[in-house]
Amino acid sequence: MSHASRRAFIAGAAALPFLHVPGARARTAGMLTFGLSSFPPNLQPWANTGTAAGTVKLIMYRGLLSYDAKGALKGELAESWAPEGTDAWVIKLREAVFQDGEKVTSEAIKWNLEQVAAEKSTAYLRAEFQGVDKIDTPDARTLRVIMRQPTATLPNWLASYHLPMVSPRFGGSNVAVGAGPFVLKAQERGVALEFEPFDRYFKPGLPKLKCSAPSL
């Protein structure tokens, strides 16, 4: 049996005040139900469509980096990241798979970043990624992002919850296939969304919940 309080759940997802109810509840063993401020207008991975959508996307998706409880950068799909010369960053990926079984590879990450920067992209971070000159993929787990000029803030962009990595099979639909701890199982628009744990999540022993159900 596992129980997660509102505070524990938010600390595990991101240090952001997304919930509006006094507390979450786990009335069924292993199941967490919590309230959202509104029903997410969509779950498109790179768009900024409000905090309710952001909360749900943190359940479904994972990016290359994130922040720890003290606000320091930490790795997610990225195992390491380091500057190379004055204009490049080298990112090493950990062993992980998307929820459709596809491996998280450097080519998949390159595809994500190119979609964000594309001419017709509506991604929240599109403007920032216009500064990318090119992306090399020397092997399946290594990514070299070469900027047009020195850019110390690239790791912070990669840690944004508006920049999750999704399977290249994503064709621009409302819901993408991520690499997060939970998979969307069902939804009743305007009422609730239900998730089940992803059994190949890259963090051993997680998630501990059997089900997560954000609702209004």
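Points worth noting:
- Boolean, K120 is under 24 Å from Y201 (Cβ atoms) and basic (K, R): no
- Filtered residues of region 83-105 (kept if within 16 Å of the chain's Cα centre (by Cα) and free of Cβ contacts under 8 Å to residues at least 60 places away in the same chain): L93, K103, T105
- None of R144, R148 is at negative phi, surrounded by 15 or more Cβ atoms within 10 Å (Cβ to Cβ) and outside the structural domain of R200 (by TED's automatic domain parsing) except R144.
- Of the residues making up region 63-86, none is among the aliphatic types (A, V, I, L, M), surrounded by 14 or more Cβ atoms within 10 Å (Cβ to Cβ) and more than 28 Å from D199 (Cα to Cα).
- Within region 89-141, considering residues that are among the aliphatic types (A, V, I, L, M) and part of a strand (DSSP E or B), the one nearest to M60 (Cα to Cα): V97
- Check on E196, surrounded by 15 or more Cβ atoms within 10 Å (Cβ to Cβ), not in a loop (DSSP other than H, G, I, E, B) and not basic (K, R): yes
- Flag if A82 is among the aliphatic types (A, V, I, L, M), assigned by TED's automatic domain parsing to the domain that holds T151 and part of a loop (DSSP other than H, G, I, E, B): no
- Yes/no for I59 being out of contact with any Pro (no Cβ under 6 Å at 6 or more places or on another chain), among the hydrophobic types (A, V, I, L, M, F, W, C), more than 23 Å from K185 (Cα to Cα) and surrounded by 18 or more Cβ atoms within 10 Å (Cβ to Cβ): no
- Condition broken by K74, with the remaining ones in (1) in the same structural domain as V183 (by TED's automatic domain parsing); (2) outside any loop (DSSP other than H, G, I, E, B) satisfied: (1)
The values are calculated or read from the model by the stated rules, or taken from the named source; none is laboratory data. Every value quoted in this text rests on a predicted model; they were computed, and no experiment measured them. Cβ coordinates were reconstructed from backbone atoms using ideal geometry, including for glycine residues, and neighbour counts include every protein chain displayed.
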